[in-house]
Each structure stands twice: as structure tokens, then as C-alpha cells.
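Asker: The structure's right below; bear with me while I get my questions together.
The values are calculated or read from the model by the stated rules, or taken from the named source; none is laboratory data. This one's a predicted model, so the numbers in the text were calculated from it and none came from an experiment. Ideal geometry is used to build each Cβ from the backbone, glycine not excepted, and the neighbour counts take in all protein chains shown. The accessibility values were calculated without ligands, DNA or RNA, using every heavy atom of the protein model including side chains. Shrake-Rupley method; radii C 1.70, N 1.55, O 1.52, S 1.80 Å.
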Amino acid sequence: MNRFMFFSILVAIVLLFPSHASADKAPSRIAGITLGEQIAMFVDLVKMETSIVLRDRKYLREVNIREIDGYKSGTVDFGNCSKPGQIVRIKLKYEYEDKNFYDELLEKFKKKFGEPDEWRGDPFHVIIAWKWSFRDEDGDSISLILQHSRDEEYKWGNSVKLTNTTLMEQERLCYEKRNRQEGGSTVSKSTSKKPKLSEEDYQRFIPQ
């Protein structure tokens, strides 16, 4: 078989059998909550009275989940500008915190979605996190991250984060456009240009 024929067959295989990031495997739902749907559809699963505007992402609101079997806690983020109430991210912490559960769950994730696309943990594996990236049937970018943390200061245990990054970006752009029209600033204090600091200034930021 010559190289041209081999390459042609390889291309055909890729086209006929898309990778794990294909739309037919793009996840959109977990714990009974679905990305892209209105938060009002899930009032039996979330505590709407806990809804707040995210300080660093004012284009989103966040609400805590109610007690859901198998989950210790969690939040749901939804639009606050372009499509108010539309769910863009689901963040959940599993009830089971041990590493063995994470390893077993990771294997099941791999079986369903294929090998992850990106390592998101730290070099010392205090935080172990793998990320999958997808395109759904609407062409939206979907991000899935499975994480285990041994850092007691960083939500010890196992967690999952499912995000429609396309919808989130639409909310951000809507917020920035609205702010420009109203004459407001679209840059948060945390990302604004840092002024020149003196040695005395720096001492305010160092634990004594």
C-alpha cells in the first residue's frame, strides 16, 4: 500500500469515526441539571434564595444546590445579561472524598468520553485534575473537569465542573457592551493596571 492510499484511508477513518470530542458525546447534564436550560426549571434542585451576582464575573449569578444524593455541595452559574437565567456552568462536590473513588470515576469518564485533552492539576499532584473539551450539536464549546484535591485549603475531596464556555462568553460580551453603553468600566479592580508600589506599600501585603 503506497503512502497516498494509506493517508486517504486514514482521513476516511477520522471522518467516519470522530474523536471523543464529537457532538454525540458532548455532555450537558449532571445531577439532574442541564446546561443551556433556564434555572427556573430546576427550583426543586437549587436554593434560589442563595442567588448572588459573582463579584469577579458580574455577568453571571450563582446559586447553591439543594441536597442531591451522592453530592456534598455544589453551585450552578447562570446568565445575568444576554440570556438571564440560562445555565452556563455546574460545579459539584462529590459526597465521596477518597482518592480511590476519584480513580474509579476517572476510569469511567475515560470509558465514556475517551482520554482527557488537558492536564489541569499541579506538578506535585496535590490537585489532580483532567479536562475534556467538546463541541455540542449547536457548535458550543463544552468543558468538563474532574478533580481530586488533597489541599485542605482548596475544597478537599472530589469535584466535577461542567461548563458551556460559549454561553459564558456570550454573557461576558453582553455585560461589557452594556457597560460601555452606560459609560461604565468593563475592567475589574483585580485586572486593572497596577500602580507603582513603594516598599511601604508592599509591607501591607506581607503577613507579619
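Asker: As an exercise, use a Förster radius of 25 Å and the Cβ-Cβ distance of residue 98 and residue 47 to find the FRET efficiency, rounded to the nearest 0.05. Numbers along the way, then the final one.
Answerer: Values: r = 27 Å, r/R0 = 1.09.
E between residue 98 and residue 47, to the nearest 0.05, is 0.35.
Asker: Moving on to the next point. In the full protein assembly as shown, how much of residue 178 is accessible to a 1.4 Å probe, in Å² to the nearest 10?
Answerer: The accessible area of residue 178 comes to roughly 100 Å².
Asker: Let me ask something else. Do any chymotrypsin sites (Phe, Trp or Tyr not before Pro) in the stretch 54-163 lie in a loop, going by DSSP, with at most 16 other beta-carbon atoms within 10 Å of their beta carbon, and if so which? Intermediate values should be presented prior to the final figure.
Answerer: Working: sites: 59, 71, 78, 94, 96, 101, 102, 109, 113, 119, 124, 130, 132, 134, 154, 156; in loops: 59, 96, 124, 154, 156.
Sparse-neighbourhood loop chymotrypsin sites (Phe, Trp or Tyr not before Pro): 96, 124, 154, 156.
Asker: Let me ask another. Accessible area of residue 25, 1.4 Å probe, to the nearest 10 Å²?
Answerer: Roll a 1.4 Å probe over it and residue 25 shows about 80 Å².
Asker: I would also like to ask the following. Amide H to amide H, which residues 5 or more places from residue 129 or on other chains are under 5 Å from it, using H placed in the peptide plane?
Answerer: Residues meeting the amide H criterion: 120, 121, 122, 148.
Asker: Related question: At most 10 other Cβ atoms within 10 Å and a DSSP loop assignment: could you name the GluC sites (Glu not before Pro) in the stretch 64-170 that fit? Don't skip to the end; give the middle numbers.
Answerer: Numbers: sites: 67, 95, 97, 104, 107, 118, 137, 152, 153, 169; in loops: 67, 95, 97, 137, 152, 153.
Sparse-neighbourhood loop GluC sites (Glu not before Pro): 67, 137, 152, 153.
Asker: Suppose a student asked you for the relative contact order of the stretch 18-144, using Cα pairs under 8 Å spaced at least 6 residues apart; what percent would you report?
Answerer: Values: 204 pairs, mean separation 31.5, N = 127.
Over the stretch 18-144, the number comes to 25 percent.
Asker: For the stretch 107-169 and the stretch 67-87, write down the distance between their C-alpha centroids in whole Å.
Answerer: Distance between centres, Cα-based: 17 Å.
Asker: In this model, which of 91/177; 25/58; 83/111 are farther than 29 Å apart at the alpha-carbon? Mind showing how you got there, number by number?
Answerer: Details: 91/177 27 Å; 25/58 31 Å; 83/111 34 Å.
Beyond 29 Å: 25/58; 83/111.
Asker: What spacing in nm lies between the two simple spin-label points modelled at residue 111 and residue 178, each 7 Å away from Cα in the Cβ direction?
Answerer: 4.4
Asker: To the nearest 20 debye, what charge dipole does the stretch 72-141 have about its Cα centre, counting +1 at the Cβ of each Lys and Arg and -1 at the Cβ of each Asp and Glu?
Answerer: Details: 13 positive and 15 negative charges, 33 e Å.
That gives the stretch 72-141 a dipole magnitude of about 160 debye.
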